[in-house]
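Peer 1: Below is a structure I'd like to ask you about.
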Amino acid sequence: MTRQDRRWLLGLLLGGLGLRLLHLATIRTSPFFLYLGLDPLAYHEWALRIAAGDWLGSRVFYQDPLYPYFLGLLYTVLGDHRVAVTLVQLVLGALVPLLVYDATRRGLGRAAAPAAGLLAAAYLPAIYFEGLILKTWLGAALAALALWCMACALTSPGKRRLGWLGTGMALGLGCLVRGNLLLILPVLIIWRLAAPFLKGESPQPAAGRRLSFWRRLNVADALALLLGATLVLFPTAVRNRVVGGEWVLTTAQGGPNFYLGNNPVNTTGRYATLPFVGANPKFEEKGFTAEAQRRSGRSMRPTEVSRYWYRQSLTWMQTHPGAWLGLTWKKFTTYWNAFEVPDNLDYGMYRRDAPVLRLPLPGYGLVVPLALLGAVLLAGRAGWPRGLLLFVAVYASSVVLFFVFSRYRLAMMPALYPLAGHALVDLARRFRRPGPRRALLLRLLVLATLTAGVHLPVHAHPESWAYRLAAVVGLPRRAESNVEGHYNLGLAFARYADESQDEEPMLRQALAQFQSATREDPARPQPYAEMGKALARLGEDRRAIEAFTTVISLEPGRARPHHVLGVLHRRVGEMDRAAAMFRRALSIDPQRLDSATALGDVLLAQGLRAEAATAYDQALRLQPGHPPAVAGLSRARQEP
């Protein structure tokens, strides 16, 4: 490494860290930063349990475990201090450009390294995710580490085995953050085994010497790669066996996740809620398990539940191949589109409170077209470039097989920065080179085509300048909403109201977010349900009834909204309507113990003792000895 390389590394570190520190300084008072909900809240609570001493857990991992353990370690050392924890993440994120620079220098040459490093240092979605209590940034950092180890293995003969061992270990750790990275391991192992048979991958035997097929296999590299991954994943599998009684390599979430992306309800290729499971990760495992057991009529272990949902998806795919292919195409185009698909938080909404994210710095829409051009230019290059292309192809395919969020794409970016850097250097060389410009024009034409493919259709909010400009120009466009951002922020406000001495201000803020969500998407039932809960907590029962009446009009087949509506009608003294709602809840789900007991209470209050006794009997059949039902039945059988 030259002095110039060291200067570049220092500059990248200072520049990338400076951007990240400025980002942290400007979001410290943002509600997006202060209040956790859904996945961030689930990771936070898991990390708190770990910091409190629950390091082993009690069941097979359902969610990827590495980030909660990393977070738990930080909480153990630093305490539950959001700014300090986020600062650590941002500092570690600032190291990624250094790995990208050095890997690119080794694998593609010194010319492309600065461009790749600069793209990595200034990539806005990376800064965004590094500032969240989410595992996304850690998956990208481990992917960058794996690609750097791969570059070392391929360019430093004396460290070849160590490099592949490190690649396997980094990918193994990555699999504990992003489970789909597991699909890359066998592809890389096959690639290393086949390397001697690929042009340019391995020195040819001396003239006149012919090696057998088995002796030509590159077994040592493949074994080092496999050993590295095993050193990380085997202890995880042993832990799952000890605490959960099953051999599970990483998590038991694969089947449910696959079904979420491949089912008749999902028509967009993004995350779509199912009738039997909500979006809250706390209840996702229970929902999938309960539904699988209900459909199969038997108890299931975690691996059986996962296999069950894989089979359900495969059955649907086989019986509806046209629908599945159409859905897969939507996922493919969504994955490669510049729009940042929202999940726990909305990137577009978050930018309003984050000045750094509004700077004219690289985003997905800039890096991807350049990287795809770089992939075209490097398509025939052996060694590390081939490894990059394999990584990108397998990783992108693994996400498209499931469903698409923008945060799922970040782990691929360390492989795209070098490709984009190579494309920029190639274009600059062609531009400076005297003589015919045919090659430059051809490259610019390919880049323009790729840019159009990534940016079209224009995905934007109807009130945004991008959407309006696309409408004026006549470009294809798709209206997006901020419903996810408003809804999830409302959930966070409602959760923090539980911990506040004066809950009303928080509930009012939650209510405002839910109302914004209903305006953004009037056909979505969840914001109305949460709005109804907030109104009920504020004592505005009539408005809560209106909200839940809208819920059952949008989602008539769910029992819980009918039960809640029954509770609200009972609170305002409308006993006939309350009884009707409880009966409807029981007709949808005869196993609802709370609805059966509540129906008995309402009927008893109306003086209908015989009908009340019947309702209590139903409750006791569901749970013998249930104290409220036993007491209610005793009252119903008493003489008036």
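Peer 1: Quick one: count up the residues across the stretch 428-453 that are touching a helix residue (DSSP H, G or I) at 6+ places or on another chain (Cβ under 7 Å) and modelled with pLDDT of 95 or more.
Peer 2: Selection size over the stretch 428-453: 4.
Peer 1: Follow-up question, since we're still on this one. For HIS422, work out the one condition from (1) in contact with a Phe, Trp or Tyr (Cβ under 6 Å, 6 or more places away or on another chain); (2) under 21 Å from LEU145 (Cα atoms) it doesn't fulfil.
Peer 2: HIS422 satisfies every listed condition except (1).
Peer 1: A further question on this structure: Among the residues of the stretch 489-512, what is the count of those that are crowded, with 16+ Cβ neighbours inside 10 Å, over 11 Å from ALA534 (Cα atoms) and in contact with a helix residue (DSSP H, G or I) (Cβ under 6 Å, 6 or more places away or on another chain)?
Peer 2: Matching residues across the stretch 489-512 total 2.
Peer 1: Within the set of pairs 6+ apart or on separate chains, which have a first residue in the stretch 562-586 that is closer than 14 Å to ALA612 by Cβ, a second that is β-branched (Val, Ile, Thr) and modelled with pLDDT under 95, and C-beta atoms under 7 Å apart?
Peer 2: Taking only residues 6 or more apart or on different chains, the pairs are ARG570/VAL602; MET575/VAL602; ALA578/VAL602; ALA579/VAL602; PHE582/VAL602.
Results for (1) at negative phi; (2) assigned to a loop (DSSP other than H, G, I, E, B), shown as yes or no for each residue.
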residue: GLY532; (1), (2): yes, no
residue: LEU535; (1), (2): yes, no
residue: ARG542; (1), (2): yes, no
residue: ILE545; (1), (2): yes, no
residue: PHE548; (1), (2): yes, no
residue: GLY557; (1), (2): yes, yes
residue: PRO561; (1), (2): yes, no
residue: VAL564; (1), (2): yes, no
residue: GLY573; (1), (2): no, yes
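Peer 1: Exactly one of these conditions fails for GLY158: (1) outside any loop (DSSP other than H, G, I, E, B); (2) touching a residue at least 12 places away in the same chain (Cβ under 8 Å). Give me its number.
Peer 2: (2)
Peer 1: With respect to LEU14, determine if the residue is crowded, with 19+ Cβ neighbours inside 10 Å and either at pLDDT 90 or above or in contact with a helix residue (DSSP H, G or I) (Cβ under 9 Å, 6 or more places away or on another chain) (or both).
Peer 2: No.
Peer 1: While we're on this one: Kindly list, by first and then second residue, each pair from a residue in the stretch 596-616 that is under 11 Å from PRO628 (Cβ atoms) and without any contact (Cβ under 8 Å) to a residue 12 or more places away in the chain to a residue that is buried (at least 24 other Cβ atoms within 10 Å of the Cβ) and not aromatic (Phe, Trp, Tyr), limited to pairs with Cβ atoms under 8 Å and residues at least 6 apart or on different chains.
Peer 2: Final answer for the pair search is none.
Peer 1: Quickly run through the stretch 277-308 and pick out the residues that are free of Cβ contacts under 8 Å to residues at least 24 places away in the same chain and among the charged types (D, E, K, R).
Peer 2: Within the stretch 277-308, LYS286, GLU291, ARG294, ARG295, ARG298, GLU304 qualify.
Peer 1: Would you say THR104 is under 25 Å from LEU373 (Cβ atoms), polar (S, T, N, Q) and in a helix (DSSP H, G or I)?
Peer 2: Considered against the rule, which asks whether it is under 25 Å from LEU373 (Cβ atoms), polar (S, T, N, Q) and in a helix (DSSP H, G or I), THR104 comes out as yes.
Peer 1: Quick one: in the stretch 392-442, of everything that is farther than 25 Å from ASP39 by Cβ and of a type in the set (Phe, Trp, Tyr), which residue is surrounded by the most Cβ atoms within 10 Å (Cβ to Cβ)?
Peer 2: Out of the qualifying residues, it is TYR417.
Peer 1: Okay, moving on. Among the helices (runs of 4 or more DSSP H) contained in the stretch 284-376, which hold 3 or more residues that are of a type outside the set (Lys, Arg), at pLDDT 95 or above and out of contact with any Ser or Thr (no Cβ under 7 Å at 6 or more places or on another chain)?
Peer 2: Passing ranges, in order: 302-319, 321-335.
A quick yes/no check of all residues on (1) at pLDDT below 90; (2) over 26 Å from the mean Cα position of the chain (by Cα):
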{"residue": "VAL472", "(1), (2)": "no, yes"}
{"residue": "LEU489", "(1), (2)": "yes, no"}
{"residue": "LEU507", "(1), (2)": "no, yes"}
{"residue": "THR518", "(1), (2)": "no, no"}
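Peer 1: Let me ask something else about it. Would it be correct to say that LEU633 is in contact (Cβ under 8 Å) with a residue 12 or more places away in the chain, under 43 Å from the mean Cα position of the chain (by Cα) and outside any loop (DSSP other than H, G, I, E, B)?
Peer 2: Criteria not met by LEU633.
Peer 1: Sticking with this structure for a sec: Take the residues in the stretch 456-473 that are under 19 Å from THR333 (Cβ atoms) and of a type outside the set (A, V, I, L, M), then tell me which one is surrounded by the fewest Cβ atoms within 10 Å (Cβ to Cβ).
Peer 2: PRO457
This table checks each residue for (1) of a type outside the set (S, T, N, Q); (2) surrounded by 16 or more Cβ atoms within 10 Å (Cβ to Cβ); (3) under 26 Å from TRP148 (Cα atoms); (4) free of Cβ contacts under 8 Å to residues at least 12 places away in the same chain.
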position: LEU225; (1), (2), (3), (4): yes, yes, yes, no
position: LEU233; (1), (2), (3), (4): yes, yes, yes, no
position: VAL243; (1), (2), (3), (4): yes, no, no, no
position: VAL248; (1), (2), (3), (4): yes, yes, no, no
position: PRO256; (1), (2), (3), (4): yes, yes, no, no
position: ASN266; (1), (2), (3), (4): no, yes, no, no
position: PRO275; (1), (2), (3), (4): yes, no, no, no
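Peer 1: For the stretch 452-472, what are the residues that are of a type in the set (Gly, Ala, Ser) and not in a helix (DSSP H, G or I)?
Peer 2: Those that are of a type in the set (Gly, Ala, Ser) and not in a helix (DSSP H, G or I): ALA460, SER464.
Peer 1: Do we find a residue being of a type outside the set (Lys, Arg), under 30 Å from GLY131 (Cα atoms) and either touching a strand residue (DSSP E or B) at 6+ places or on another chain (Cβ under 8 Å) or without any contact (Cβ under 8 Å) to a residue 12 or more places away in the chain (or both) anywhere in the stretch 413-424?
Peer 2: No, the stretch 413-424 has no match at all.
Peer 1: I've got another one for you. Of all residues in the stretch 22-78, which are under 21 Å from MET506 (Cβ atoms) and either in a loop (DSSP other than H, G, I, E, B) or β-branched (Val, Ile, Thr) (or both)?
Peer 2: ILE27, ARG28, THR29, SER30, TYR35, LEU36, GLY37
Peer 1: Here are the criteria: (1) touching a helix residue (DSSP H, G or I) at 6+ places or on another chain (Cβ under 7 Å); (2) free of Cβ contacts under 8 Å to residues at least 60 places away in the same chain. Tell me which single one GLY557 does not satisfy.
Peer 2: (2)
Peer 1: Right, here's the next one. So which of LEU87, LEU73, LEU41 ends up being closer than 26 Å to GLY244 by Cβ, surrounded by fewer than 19 Cβ atoms within 10 Å (Cβ to Cβ) and in the same structural domain as VAL243 (by TED's automatic domain parsing)?
Peer 2: Just one listed residue meets the conditions, LEU73.
Peer 1: Would you call THR518 farther than 20 Å from MET349 by Cβ and outside the structural domain of HIS569 (by TED's automatic domain parsing)?
Peer 2: No: the conditions fail for THR518.
Peer 1: Does ALA536 satisfy being among the aliphatic types (A, V, I, L, M) and under 21 Å from ASN482 (Cβ atoms)?
Peer 2: Criteria not met by ALA536.
Peer 1: On the basis of being part of a helix (DSSP H, G or I) and either under 20 Å from PRO561 (Cβ atoms) or not assigned by TED's automatic domain parsing to the domain that holds HIS562 (or both), does PRO505 make the cut?
Peer 2: Judged against the criteria, PRO505 is a match.
Residues checked against (1) closer than 23 Å to ALA42 by Cα; (2) of a type in the set (Val, Ile, Thr):
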{"site": "ASN280", "(1), (2)": "yes, no"}
{"site": "VAL305", "(1), (2)": "yes, yes"}
{"site": "TYR310", "(1), (2)": "no, no"}
{"site": "LEU325", "(1), (2)": "no, no"}
{"site": "ARG351", "(1), (2)": "no, no"}
{"site": "ALA354", "(1), (2)": "no, no"}
{"site": "LEU357", "(1), (2)": "no, no"}
{"site": "LEU366", "(1), (2)": "no, no"}
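The values are calculated or read from the model by the stated rules, or taken from the named source; none is laboratory data. Bear in mind the structure is a predicted one, so any value in this text is a computation, not a measurement. Every residue, glycine among them, receives a Cβ derived from its backbone with ideal geometry; neighbour counts consider all protein chains shown.
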